[in-house]
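Please treat every number below as a calculation from the coordinates, not as lab data. Owing to the predicted nature of the structure, the values given are computational and were not obtained by experimental measurement. In this analysis, Cβ positions are derived from the backbone assuming ideal geometry, glycine residues included, and neighbour counts consider all displayed protein chains.
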Amino acid sequence: MSLLEVSDLRTYFYTEAGIVRAVDGVDFEVEAGESLGLVGESGAGKSVTVKSLLGLIDVPGKVVDGEIYFDGQALHEMSEQELRQNVRGSDISFVFQDPMSALNPVHTVGSQIAEVVEYHTDRTEAEAWERAVTLLDDVGIPDAEQRADQYPHEFSGGMRQRVLIAMALSCDPKLIIADEPTTALDVTIQAQIIELFEEIQEKYGTAIVYVTHDLGVVREVCDRVAVMYLGKIVESAPYDELYQDPHHPYTQMLMRSVVTPDRDVSELEPIQGTMPSAVDPPSGCRFRTRCPREFDECGRYEPPRIQVGENHDSACLLHDEQFEREEPALHLDSGAAETDSTSGSRGAYDE
Amino acid sequence: MSTDTSTNIQNKEFETESGILATIKELRHSGTAMGGLLIVSLLLVMAIVSTVDIVLLDKAIIKSLFADPHEMNTLQIYAPPSMEHPMGTDQYGRDVLARIIYGSRVALAIGIIAVGIGFFGGVTLGAFSAYKGGYVDDIIMRALETLYSIPGLVLAMTMMAILGPSIYNLFFAYGIIGIPAYARVIRSEVLSIREEEYIDAAKAAGLSNYKILFREIIPNGLSAVLVQATLSMGSVIIGAAALSFLGFGVQPPTASWGRMLNTAQSALLIAPWVAIFPGLMIFITVMGFNMLGDGLRDAMDPRTSLRSPKMEALEEYADRVADPTKADPVGSDDWLAGTALSGKDARNDATDGGERQ
Amino acid sequence: MSIYRYSARRILQIIPVLLGVFSLTFVMVHALPGNPVRIYLGLNPSQSLEQELLAEYGFNQPLWKQYLDYLWRLLHGNIGESFVRKEPVSELMLARLGPTVTLMGLSYAIALPSALLLGVYAAATHNELGDHVSRFFGLAGLSTPNFWLGLMLIFIMAYQFDVLPASGYVPFTQDPVASIKHLILPVITLATAQTATLMRMTRSSMVEELSKDYVQTARAYGLPERRILLKHAFRNALLPLVTIIGLQLSFLLDGSVVIEQIFAIPGMGRLGYNGLLQQDYGVIIGLNIFFAILFLIGVLITDLAYAYIDPRIRYD
């Protein structure tokens, strides 16, 4: 059994504008020690997905359906109290996007880590502090002993993210959820933090769910990738396979819109159009409004995730043999003519 | 290049106007604000009608409805509430209800004129000070701090002792006292707006400094001061009533709620109605302005929405869903908002500060 | 910047303001209508005596010289003399400091804890019933004129039910029970608007803090809600409040003038009020300067407290 099994997760937000189906039937699994990248454009529902796992969705949002099994426990059946005491921060910990604001400005970094340790383990105050210092040292903060006694504003952005990672490690979690942990950082610092995640995984064997819109980061950290589009996972595969052989038209377009060492900026093909509203998503396949290969049936059937290789599935009707179409070519030419590669990219990777 | 920037500027101006309109529209969703607006409108009608009545019609309306608010009747001294005098009579036998209605003129006039003086004086001084910077800023701010450090009522009483008790001097005294608060709010607004990119754009487009100040900066900073003005309307009305209560404000025979309470104090035991009703009117009036101001502040604050709980987070989310080119909120803006002395906080502190004095 | 340098700078900043207050008071007093010694002399002053007194107090000197003399005297702690009571003003003021400070201190002692408690409660129940009720009472408290509230309390508690004295002041050392009985109504009157204002500010400050990312972090790490509320959000919410508490002193000082008048409490406010009615130069100077100094000291203390409790001492 996998460490984390999520099936048919649905999280809706009840607004005056209508029901925002932010997460609408998401399934995925994470094996112990594995790292999964959850990739997609802003608004695809990545963050909401991971926050739903821990019940961190605020009013007017609500997890309306789905099963979440973690290490044999049914998280979706747990009370707020149980989640708080046994899961949040202890079994599963969270690293947030913005290290500048995720720490409390009026408490020292050491005391903030120690507080979590003290609350979730039976260590004494002094032991918890010791643990905090050790953790800070582990995540590469020099002079951890002194630094633990300093306030967040005395740390740089990268250092604060290290502090948050130390906090995430504090109770030996089985899973760390990192929600865009490098987005707010400078590029050079990003590389260091990514390296730190790799080290953590090697050293502690912790499973990681890494939420990002940056395929470059995914390559560094993740064993496997799940691509999200408008509240659904459209393709899931081991990183290398996804990179070599993307099946879903959306993934293919994503791949072509990103800068890699062997591709120049001028060759980039931004994804046309914008993601439709999650209040009123397109019928059938949600990507069809932007898909160059859309055909009649796309609007009629919601494509299931079809096995296309070992550990590789993709939710596109093109893979289904009953629609007698040729397998999508690896490098599409049809869409390329229409795209204007010199215009500003409006795709996912322009941040 | 220059055409580009000027379009930017126009866009911004457009946004500002539609921003204020949108705010007013959003007010409809706030019960508090609408309640406040109702109270304030009723009072305004009352004040306007009684002004017309006294100036043009020689109290014809009020006489036909109730009684002459200035007419004394020695046979009716301290008459308790009755059909003839629904709120009783005072020490000269004058009808309390009629005097309360006429008192609305004084209360609203003081609120509006004194706040107006404070508003324009404060906005001019504060914006000038912030824009000049350097020692000019230092001198103006120290001078305003001086004005601010003598508690408002004490300063007002001293000024009234100098100028002599009259309603016009009351306008002036409370106007002067209000200046520092407005100046502080607009100053912090100007200082933060000055850093915005569209000001750089305006500079690049070659607009003169004063044009930038009056056409770009002040209009954008004004919303914060408007909230402050609405909220301080209440405290000015209370303050002016306190002065009249203490005998430094409106003089007889003009009907003013504060003054009525002054005479009511000595007769509290035998004629409580003379004290109850004028005070109740002050309360209702101030409550109206405070409700309106509170709603206005919520409506202007981009972080709160009046429509339904937690809508703000959601609208932002829905926005992002609808328009994925808007990136996840990242970086500097967020953590700046978290620091104690960022412009945003300074503005809130200042608006909050305006509720007192 | 170190906290010491900050404190030193903050204290130095007060000097020009204080000088401004002295000058403004001088200007105001000299703008008062009438002759400053007339009141001293009573109804039938003789010309020669009036001239003599004017000379004695330096009122016939050129204004700039009077101004310098005035500053010089103030620097030596000499505010001048009350022409009505024929006593030094500083002695008159200090003799009345007790009742005023007692009244203000007790009001704060009641207003502050209840405001913090109610404000945190309202924020914790944000947009629920408790919040709406607290908000309504906050607005109502803010909108009630204190002089009217005082009159109504006297009417109900003293006249209707006869449980508390209507007015007067008894020093605590003289008769503790009577002293407290006399203080209850004035303190409630003064504390009501204070509580309302501070409660509203606590609430909005708490609501803002609770929406911050660090609260989300604390929740994601499973910390109990009560702890998040009190240890995390409240500590941060307190920071802007500290500054406000200092500024609120101005409001309290104003209130003491009105309330001492209504409840016949022999404090500084009542002295100043009578001084104004009688055009007593010395007392008017004393009232303005004393109240300004009390306010400035209060603001200074809270500013320093802010610098002390905020680890990010990033001033300017």
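Side notes on the structure shown:
- Positive contributions from Lys and Arg (+1) and negative ones from Asp and Glu (-1), summed over other residues with Cβ under 13 Å from the Cβ of B:Val154, come out at -1.
- Footprinting exposure proxy for A:Leu242, C:Leu12, C:Leu277, A:Leu53 (fewest neighbouring C-beta atoms within 10 Å first): C:Leu12, C:Leu277, A:Leu53, A:Leu242
- Peptides C:66-79, C:218-231, C:259-272 ranked from most to least packed, by the mean per-residue count of other Cβ atoms within 10 Å: C:259-272, C:218-231, C:66-79.
- Charge-dipole axis of chain A as Lys and Arg at +1 and Asp and Glu at -1 on Cβ define it, positive-most pick from A:Ser2, A:Pro292, A:Thr134: A:Pro292
- Here A:Asp172, A:Asp71, B:Asp298 are placed in order of increasing Cβ neighbour count within 10 Å, fewest first, which gives A:Asp172, A:Asp71, B:Asp298.
- If R0 equals 60 Å, the separation of the Cβ atoms of C:Ile3 and B:Met72 corresponds to a calculated FRET efficiency of about 0.40.
- Checking the Cα-Cα distances for B:Lys25/C:Lys231; A:Lys51/C:Lys231; A:Lys51/A:Lys203 against a 30 Å cut-off, the pairs over it are B:Lys25/C:Lys231.
- Highest-first arrangement of A:101-110, C:134-143, where packing means the average Cβ count within 10 Å: A:101-110, C:134-143
- The phi-based Karplus calculation (6.51 cos²θ - 1.76 cosθ + 1.60; θ = phi - 60°) puts the 3J(HN,Hα) values of the range B:72-77 at 8, 8, 5, 7, 10, 5 Hz, whole numbers, x for Gly and Pro.
- Shape call, the range B:19-309: gyration tensor on alpha carbons, a/c limit 1.5: prolate
- Rounded FRET efficiency, nearest 0.05, which uses the C-beta distance separating B:Leu269 from B:Glu84 and R0 of 35 Å: 0.90
- FRET E, pair C:Leu129, C:Ser167, Förster distance 45 Å, beta-carbon r, rounded to 0.05: 0.70
- For the range B:152-167, 3J(HN,Hα) computed residue by residue from phi via the Karplus equation (6.51, -1.76, 1.60; θ = phi - 60°) reads x, 5, 4, 4, 5, 4, 4, 4, 5, 5, 6, 7, x, x, 6, 5 Hz, glycine and proline entered as x.
- Under 12 Å, Cβ to Cβ, from C:Tyr221 - net charge with Lys/Arg +1 and Asp/Glu -1: +1
- The H on the amide N of A:Gly66, modeled in the peptide plane, is under 5 Å from the matching H of A:Arg10, each at least 5 residues off or on a different chain.
- Cβ-placed point charges (K, R +1; D, E -1), dipole of chain C about Cα centre in debye, nearest 20: 940
- Projecting label points 7 angstrom from Cα along Cα→Cβ for B:Met34 and C:Val27 puts them 4.9 nm apart.
- If the convex hull is drawn through the Cα atoms of chain A, its volume per residue in Å³: 149
- Degrees, to the nearest 10: A:109-120 long Cα axis against longest axis of chain A: 90
- Net charge of the neighbourhood of B:Ala47, taken over other residues with C-beta under 14 Å away and scored Lys/Arg +1, Asp/Glu -1, is +1.
- Taking every DSSP beta bridge that has both ends in the protein assembly as shown, the antiparallel portion is near 65%.
- Ranked for footprinting exposure by Cβ neighbours inside 10 Å, fewest first, B:Lys59, C:Lys181 give C:Lys181, B:Lys59.
- Calculated from backbone phi, Karplus (6.51, -1.76, 1.60) coupling profile of the range B:87-93 in Hz, x at Gly/Pro: 10, x, 10, 9, 5, 10, x
- Among beta bridges that DSSP assigns inside the range A:4-227, antiparallel share in %, nearest 5: 50
- For the range A:230-323: rounded, prolate or oblate by the Cα gyration tensor [a/c cutoff 1.5]: oblate
- Prolate/oblate/rounded call for chain C, Cα gyration tensor, a/c under 1.5 rounded: oblate
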